[in-house]
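S.K.: Please find one structure pasted underneath; my questions will follow.
The values are calculated or read from the model by the stated rules, or taken from the named source; none is laboratory data. What you see is a predicted model; the values in this text were computed from it and never measured. Cβ: placed from backbone, ideal geometry, glycine included. Neighbour counts: every protein chain shown.
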Amino acid sequence: MDLAIGIDIGGTKTKVGLVNKDGHCLEHTDFRTREYPDLDAYLDKTVSTIDELKSKFPEDINILGCGIGAPNASSKNGTIVNAANLVWKGTVPILDKLGERMSVPLKIMNDASAAAMGEMLFGNAKGMKDFIIITLGTGFGAGIVANGKLIDGYDGFAGELGHVDMTIGDGRVTGLNVKGGLEAYVSATGLKRTILFMMSQYMDESRFRDIAYNDLHGEEITQAAAEGDTIALKAFDFTADILGMALANFTAFTQPEAFFLMGGLVNSGKWIFEPLHKYFDDYLLDIYKGKVKLLRSGLPGKTTAICGAAALIWEDYNLES
């Protein structure tokens, strides 16, 4: 059986899985990225994790290669460069280092661009030639497909839309020190920061007045919104307003048929999607109104990023075979 390894390197967790030609992740697991500040120890852990997954198959398997999605990853150079949410700083030669430990083909790409490839091969973007993936996790990522081609950029860093200066309100700084940058507002982390902002702006009673920032989680904000907590509702509305403006602006670049949203913030469901549809339509130029869809990813929720990374390998093979 032919399989591809998919690795998603996140600021909190590294997810690893084995993916078949249909985009199904047959085995997967994860470990905490921040527990391995030494790169060599991290890569040793990654390889041992892959070996554990392979051992779960009773039959012989053929590993075609290993695809990696990571923030600030250069597909052209095989490096990760100054990723705001990762523990390793500077230029990290991750493909060279991993190649010393594995003898299969290796590819790396910005995590959101890898997700775009996965959506095109395995998800709801099959047959689409113009779409944009938006990942809303610890940070804000974007993968752009135009005229059927992934926009990778000169050095492999295209799509860093999370650090576009939106010159918003209180001028929050992103992990790359961009004042007013998008991901400081529209991300799981940004939503938490907005809760604090809303509590400073309004006197409404809220469960969050008794919760420390580091103890605040996205699931609680969603639950609070469902219970009518006005601070949570204001936070979602504020977030959706900014995201709606950003997506309307991005539409003017490539006129995508659809935006696909994925990541932890998307799990907030209607509390983010309902106001987002309203604001997006308000901000769109008239020539685009009614032409651009806002959709969820068609990849399995828990393994979306793994399948996207594995798609970097599967794109080289005939999926019909």
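S.K.: For region 155-174, name all the residues that are farther than 18 Å from Thr239 by Cα and crowded, with 19+ Cβ neighbours inside 10 Å.
M.R.: Across region 155-174, the qualifying residues are Gly156, Gly159, Glu160.
S.K.: Look through region 130-154, keep the residues that are among the hydroxyl-bearing types (Ser, Thr, Tyr) and surrounded by 19 or more Cβ atoms within 10 Å (Cβ to Cβ), and return whichever of them is nearest to the chain's Cα centre (by Cα).
M.R.: Thr135
S.K.: Here is a follow-up. If I filter region 258-299 down to residues being charged (D, E, K, R) and part of a strand (DSSP E or B), which single residue comes out as modelled with the lowest pLDDT?
M.R.: The residue in question is Arg296.
S.K.: Continuing with the same structure: All but one of (1) surrounded by 15 or more Cβ atoms within 10 Å (Cβ to Cβ); (2) modelled with pLDDT of 95 or more hold for Gln255, so report the exception by its number.
M.R.: (1)
S.K.: Moving on to the next point. Could you check, for region 12-33, whether at least one of its residues is at positive phi and either surrounded by 16 or more Cβ atoms within 10 Å (Cβ to Cβ) or in the same structural domain as Phe140 (by TED's automatic domain parsing) (or both)?
M.R.: yes
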